[in-house]
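Inspection log for the structure reproduced underneath, given as structure tokens.
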Amino acid sequence: MNTKRIGFIIASVLLSSQAFALDYRTDNWTFKLDADGMVGFLQEKSDKSDFINDWDVKAQVFYKFNSTQRFGAVYSIDADAVEDKDYIHDAFILFEDKSIGRAEFGLTHSVARKMGLGLPDVGYLRINNDSILHKKLDLKRVLISDTAATTGHEALHLNLATKSTDYGQYGISVSGLTDDYNYAIDTAFKFKQPHGKLKTAYSLALSYIDKPENYIEQSFNPTVTADWRGQIALGINLQYNSWILGTSVRMIYDHNPINIPSDGFVAGTGVSYDLLQYSISLTYMYSDTTVWNHQNNIITNEYNDQINTILASFRYKYSENAHLFMSGGFTDARGFFAIGLKVGF
């Protein structure tokens, strides 16, 4: 590994990532602008190395009608959206009533993803969302890389969610007006017990997509064309003092798929521990595709992808806004090591 190059990357971030966070408030208006970025280096066991980076910018504006109700608009863009030539990650309006809940309308994710529970991971390789790790390693195989159900963020969504209480939350989404599918309906539940030494949270998400056509969920997967797609996602998080244990699973079924199927399931578990400015985590994921259509699709008779991913990460919180991380592990029998710096404002 080229240490001079790593040093140059870290120095560049410290010098060039002095972005600003704007938070301006009046009696009725709130304006917020937040940004963060990550740069680093990923080294494969085969001595192949890659520069890695990630960033996002979010702008929000809210108008408060009274002490319980407000109207707002959100726009965000990130590296993942730009890579996929979307240039929008979120662009939606919202209405919020603290005593009832929240409504959103626009380009954004459904409640199935927003209310899902991910796996513990103190690194910044996006294990819970369109993994940077799997993109950079370029496995050239189909995998389901995260455990949260999704219908994408490119279609117009109407999201309705009850207020979050100490006991739980419920939400429903409808989406459409997209070339990717006719329509989609998602629903999600979250139950939690946030008091005491042992805190627990449980999530359940159900998703139905009608007639997906050349729909691509993640950039490293083939497009999906089928009669319909159904998804179920389950998650459990347990927190005891500084320990967090998470387990989640996601199952995808495509009815009468065309081309290479990318349905199946992914299951994962992980644990993390915080001690002062230091955090560590260990995460394991198993992805198995072509589970349901293996027997009835001629192109999959000799096609089956089973991929194991093991990821260990370490994070040092230099300050509230600057974190240094290191990650290492194996995926599809390929070893890797990553180091980087994340700065947020």
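Remark: residue 82 matches the filter, which requires a residue to be over 24 Å from residue 173 (Cα atoms), part of a helix (DSSP H, G or I) and either within 24 Å of the chain's Cα centre (by Cα) or of a type in the set (Ser, Thr, Tyr) (or both).
Residues of region 162-195 that are charged (D, E, K, R), part of a strand (DSSP E or B) and in contact (Cβ under 8 Å) with a residue 40 or more places away in the chain: 186, 190.
Going by the structure shown, is residue 239 touching a Lys or Arg at 6+ places or on another chain (Cβ under 9 Å), more than 19 Å from residue 285 (Cα to Cα) and in a strand (DSSP E or B)? Considered against the rule, which asks whether it is touching a Lys or Arg at 6+ places or on another chain (Cβ under 9 Å), more than 19 Å from residue 285 (Cα to Cα) and in a strand (DSSP E or B), residue 239 comes out as yes. When residues in region 325-345 are screened for being in a loop (DSSP other than H, G, I, E, B) and either within 16 Å of residue 134 (Cα to Cα) or acidic (Asp, Glu) (or both), 2 of them pass.
Taken over region 40-67, the criterion of being modelled with pLDDT under 95, closer than 21 Å to residue 87 by Cα and either polar (S, T, N, Q) or over 18 Å from the mean Cα position of the chain (by Cα) (or both) is satisfied by 53 alone. For region 242-274, the tally of residues that are in contact (Cβ under 8 Å) with a residue 24 or more places away in the chain, of a type outside the set (Val, Ile, Thr) and part of a strand (DSSP E or B) stands at 16. Is there a residue in region 257-274 that is at pLDDT 95 or above, of a type in the set (Phe, Trp, Tyr) and loosely packed, with under 15 Cβ neighbours inside 10 Å? No: region 257-274 contains no residue that is at pLDDT 95 or above, of a type in the set (Phe, Trp, Tyr) and loosely packed, with under 15 Cβ neighbours inside 10 Å.
Residue 74 passes every criterion in (1) over 22 Å from residue 170 (Cα atoms); (2) at pLDDT 95 or above apart from (1).
Applying the criterion of being closer than 19 Å to residue 329 by Cα and out of contact with any Phe, Trp or Tyr (no Cβ under 8 Å at 6 or more places or on another chain) to the residues of region 23-52, the residue that is surrounded by the fewest Cβ atoms within 10 Å (Cβ to Cβ) is 47. Could you list all residues from region 85-121 that are among the hydroxyl-bearing types (Ser, Thr, Tyr), out of contact with any helix residue (DSSP H, G or I) (no Cβ under 7 Å at 6 or more places or on another chain) and farther than 14 Å from residue 175 by Cβ? If the condition is that a residue be among the hydroxyl-bearing types (Ser, Thr, Tyr), out of contact with any helix residue (DSSP H, G or I) (no Cβ under 7 Å at 6 or more places or on another chain) and farther than 14 Å from residue 175 by Cβ, then 99 is the only one that fits. State yes or no: is residue 86 within 26 Å of residue 154 (Cα to Cα), modelled with pLDDT under 95, touching a strand residue (DSSP E or B) at 6+ places or on another chain (Cβ under 7 Å) and not basic (Lys, Arg)? So residue 86 does not fit the description; no. Of all residues in region 239-255, those satisfying the criterion of being surrounded by 15 or more Cβ atoms within 10 Å (Cβ to Cβ) and more than 16 Å from residue 193 (Cβ to Cβ) are 247, 248, 249, 250, 251, 252, 253, 254. Could you tell me whether residue 78 is surrounded by fewer than 16 Cβ atoms within 10 Å (Cβ to Cβ), out of contact with any helix residue (DSSP H, G or I) (no Cβ under 9 Å at 6 or more places or on another chain) and charged (D, E, K, R)? The answer is no for residue 78. Just one of the numbered conditions (1) surrounded by fewer than 23 Cβ atoms within 10 Å (Cβ to Cβ); (2) in contact (Cβ under 8 Å) with a residue 40 or more places away in the chain; (3) closer than 15 Å to residue 104 by Cα is not true of residue 159: (1). Checking region 214-224 against the condition returns no match, with no residue being at negative phi, at pLDDT 95 or above and assigned to a strand (DSSP E or B).
The values are calculated or read from the model by the stated rules, or taken from the named source; none is laboratory data. What you are looking at is a predicted structure, and each value in this text was computed from that prediction instead of being measured. Positions of Cβ are backbone-derived with ideal geometry, glycine not excepted, and every protein chain shown enters the neighbour counts.
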